[in-house]
Structure formats: C-alpha cells, structure tokens
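Encoded as structure tokens, here's the structure I'll be asking about.
Read the figures in this text as sums done on the coordinates, not as results from a lab. Nothing here was measured: the structure is a model prediction, and the numbers come from that model. Every residue, glycine among them, receives a Cβ derived from its backbone with ideal geometry; neighbour counts consider all protein chains shown.
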Amino acid sequence: MDLGPVFEAWEADFGRTFVLGDDPVKMKLRNDLEPTWRHVKARFDKDPDMTGEQLYAIACEQAKTAGWEFGGAHSGHLVGDFPHERIPNDQISLYITKGNSEKMRSLGKDGKQRHWILEIHLVDRERQIGGFTEQLLTVG
C-alpha cells in the first residue's frame, strides 16, 4: 500500500507491504522491511554530512545483509511543501540515489531544512516477489 496524500500545502508519503496467505518466504520478506528501514535511518542519523549516494549505498548493502536484493533505482526522495522543490527532468539531486553527491541535510532554496522519504525495496528476483516500506526519514 502506497499513500501520498496532500494536506493543504504539505505532501506526505507512506507505504507498507502486506502479505495475503502464509507463505514463509513472503512473510520473511515483509518482516525484514521495517528492521532494514530502521538500520538505514540509524546510519543516516549518525552522519550529518551524508549524501544521497552514500545513503543509497547503505540501503543496498543492508538489503544484502538481510538476504535480499535492493529493488529500486533510488531509496527515497524529497518531500515537503506542495508542490515541493523540483528541477525538471532531475532524477538525481532530489532522490536518494547513485550520483547524488549533495548533502541531504543541506537547506532548500527557501533556506529551510529539507525533508526526505526513505524507501526500502527488498526483492527476490528468482521468486519474482518484492516488498517495500517508506516513511519520513528526517523527523524522529
């Protein structure tokens, strides 16, 4: 389930994976999502100079540690005032991904702290299954 409501001038983004049935591999995949998210967030919290590229590498590394492949071209994105900061055709600097060498805690064009959504995508390509979780990274 992926929800992206807009409340007045604020955009939100929240996602969770649910499993129908009792397949143990799918249950393990679902159960590994939240701890993986928490581990990646903890690494972000420890490094005030973290770049988007560094956090993406940590997400990919943690997916492997949990026994999965990271399934996304990015592991999150900028969020906030709606419409939030955008650069046409920019698939790098506003995402947690390879090539984003900008510090994630840098201020936005308005001089305020920017907020990020952290997405964890875990997949098993052989079984053709995957799941994800996403929520606000920069608060709490």
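What is the spin-label model distance, in nm, from Lys109 to Arg38 if the labels are put 7 Å beyond Cα along the C-beta direction?
Label at Lys109, label at Arg38, 3.8 nm between them.
In nm, to one decimal, how far is the Glu102 label point from the Lys46 one, both placed 7 Å along Cα→Cβ?
That separation, rounded to one decimal, is 2.6 nm.
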